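Trainee: This is the structure I want to talk about, given as structure tokens.
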Ligand code: ARG
């Protein structure tokens, strides 16, 4: 039975009923719906809107329903219109008329807005915890590879030497910003719309702040129309998750490249890669590819809700029921990606020698060679030009800056002496980059220590 009988002479058409119902997906907010109702009814009792003993009986029964759902003694009736209807019907089944008083001074419009806030606050915490797990894995891997010299790239061309640990810490920096964004988004999410009623508040003397406090929320919404029709908190969360997925997708893309025979910087554990049904030699980074692909789903979820919301007049409209599947999908996808990526990275082998070979082959110490001449007093622009000529000479002769004889250096510029070979030594090149945020192993280790501190706080 729907909650809205009385006015209608017929029951809802079967297909329309299914079209209208949200219980197949809002059933996952059962615990939050009950928590919201307990706070609401407790507040009604405190305000004398409901008899104190009756309000306590309702709250107690609601908690029993929550416990029964939790331990499997009670199953959600999937023919109910939505989770709110189901909980109220079950309450009334258990305690009769008292159950029918729960909805005093409340609408499903402020109820669902509250439920979703409570649910997403929990999900944001779960996602934060998953990011933390991932950050720990990154910190460990970065520590183990803090002095693995590799080429850093711009334009996908070998550019300057960095270390694998340093490269990984770039992703840690992105993920820490993701955590910040989530925390900020939670501030605006932790506001109670309860008391907004259907749209125009209520005539009952509610203590909205008290109900919010019971729920651990930091305040109440300022406008009843906004209270029931605001879904910014969902859009903000979806935006945060989309940015997070951009980060995971870029990381995934690099793992895919690194696993190719063209790079071979990384070997994934067999437990985190897959084979081909026809090509016996194949070992594919499917997990990373799926993470990259699933980023599209999450962006799609954001665009779904932006599109749903953009033309809705105030206040509540049923369009807004479409918020849930989109944001649930995004939350599930992000959790899945984080928790699959973490062990994949943890068990991956970083191939130090291959990193080194790639670092040795791309003239990535050319800037250091120019800097060496600057140290001898030459203006940087001239030093740059000399080094460019040396690189051209090396390419012509199939040599590297390390193997080019000193006399060739001196033909291009007389300022060169034996010292140049120390200056362009790859390890030395990395070790000298000690600027804050730089790739020198000592810097990387310092940043890892700082990261670990932030993680454990
Ligand atoms: N299932 C609805 C939703 O998710 C609950 C609110 C229904 N309100 C209404 N006036 N029909 O948005």
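Trainee: Tell me, yes or no, whether region 316-334 has at least one residue that is in a loop (DSSP other than H, G, I, E, B) and within 16 Å of the ligand (Cβ to nearest atom). Lay out the reasoning, then the answer.
Mentor: Residues of region 316-334 in a loop (DSSP other than H, G, I, E, B): 316-317.
Subset that is within 16 Å of the ligand (Cβ to nearest atom): 316-317.
Scanning region 316-334, I find at least one residue that is in a loop (DSSP other than H, G, I, E, B) and within 16 Å of the ligand (Cβ to nearest atom), so the answer is yes.
Trainee: Any residue at all in region 114-133 that is within 12 Å of the ligand (Cβ to nearest atom), closer than 20 Å to residue 44 by Cα and over 23 Å from the mean Cα position of the chain (by Cα)?
Mentor: no
Trainee: Considering each of 199, 169, 194, 238 in turn, give the residue that is surrounded by 21 or more Cβ atoms within 10 Å (Cβ to Cβ), in contact (Cβ under 8 Å) with a residue 12 or more places away in the chain and part of a loop (DSSP other than H, G, I, E, B).
Mentor: After applying the criteria, what remains is 194.
Trainee: Of the conditions (1) within 16 Å of the ligand (Cβ to nearest atom); (2) surrounded by 14 or more Cβ atoms within 10 Å (Cβ to Cβ); (3) farther than 12 Å from residue 33 by Cβ, residue 84 fails just one. Which one is it?
Mentor: (3)
Trainee: Could you tell me which residue of region 262-282 is farthest from the chain's Cα centre (by Cα), considering only residues that are assigned to a loop (DSSP other than H, G, I, E, B) and within 22 Å of residue 168 (Cβ to Cβ)?
Mentor: Taking region 262-282 as the starting set, the residues that turn out to be assigned to a loop (DSSP other than H, G, I, E, B) are 262-265, 268-269, 273, 275-282.
Right, trim to within 22 Å of residue 168 (Cβ to Cβ) and you get 262-265, 268-269, 273.
Numbers: 262: 30, 263: 28, 264: 28, 265: 26, 268: 23, 269: 24, 273: 23 Å.
Here the residue is 262.
Trainee: Follow-up question, since we're still on this one. Considering only region 272-290, I want to know if a residue exists there that is within 15 Å of residue 232 (Cα to Cα), touching a residue at least 12 places away in the same chain (Cβ under 8 Å) and surrounded by 13 or more Cβ atoms within 10 Å (Cβ to Cβ).
Mentor: no
Trainee: When both residues are 6+ apart or on different chains and their Cβ atoms are under 6 Å apart, which pairs have a first residue that lies in region 314-335 and is under 21 Å from residue 298 (Cβ atoms), and a second that is within 8 Å of the ligand (Cβ to nearest atom) and modelled with pLDDT of 95 or more?
Mentor: That search, which allows pairs on different chains as well, returns 321/22; 324/26.
Trainee: A further question on this structure: So which pairs qualify, if the first residue must be in region 97-113 and within 20 Å of residue 317 (Cα to Cα) and near the ligand (Cβ under 8 Å from one of its atoms), the second must be part of a helix (DSSP H, G or I) and at pLDDT 95 or above, the Cβ gap must be under 6 Å, and the two must be at least 6 apart or on different chains?
Mentor: 108/84; 109/228; 111/84
Trainee: In region 14-108, which helices (runs of 4 or more DSSP H) lie fully inside it and hold 2 or more residues that are within 30 Å of the chain's Cα centre (by Cα)?
Mentor: Counting at least 2 such residues, we get 23-26, 30-46, 52-71, 83-95.
Trainee: When residue 52 is evaluated against the numbered criteria (1) touching a helix residue (DSSP H, G or I) at 6+ places or on another chain (Cβ under 6 Å); (2) over 18 Å from residue 88 (Cα atoms); (3) within 16 Å of the ligand (Cβ to nearest atom), which criterion, by number, is the only one it fails?
Mentor: With respect to (1) touching a helix residue (DSSP H, G or I) at 6+ places or on another chain (Cβ under 6 Å); (2) over 18 Å from residue 88 (Cα atoms); (3) within 16 Å of the ligand (Cβ to nearest atom), residue 52 is out only on (3).
The values are calculated or read from the model by the stated rules, or taken from the named source; none is laboratory data. Predicted, not measured: the structure shown is a model, and the values here were computed from it. Positions of Cβ are backbone-derived with ideal geometry, glycine not excepted, and every protein chain shown enters the neighbour counts.
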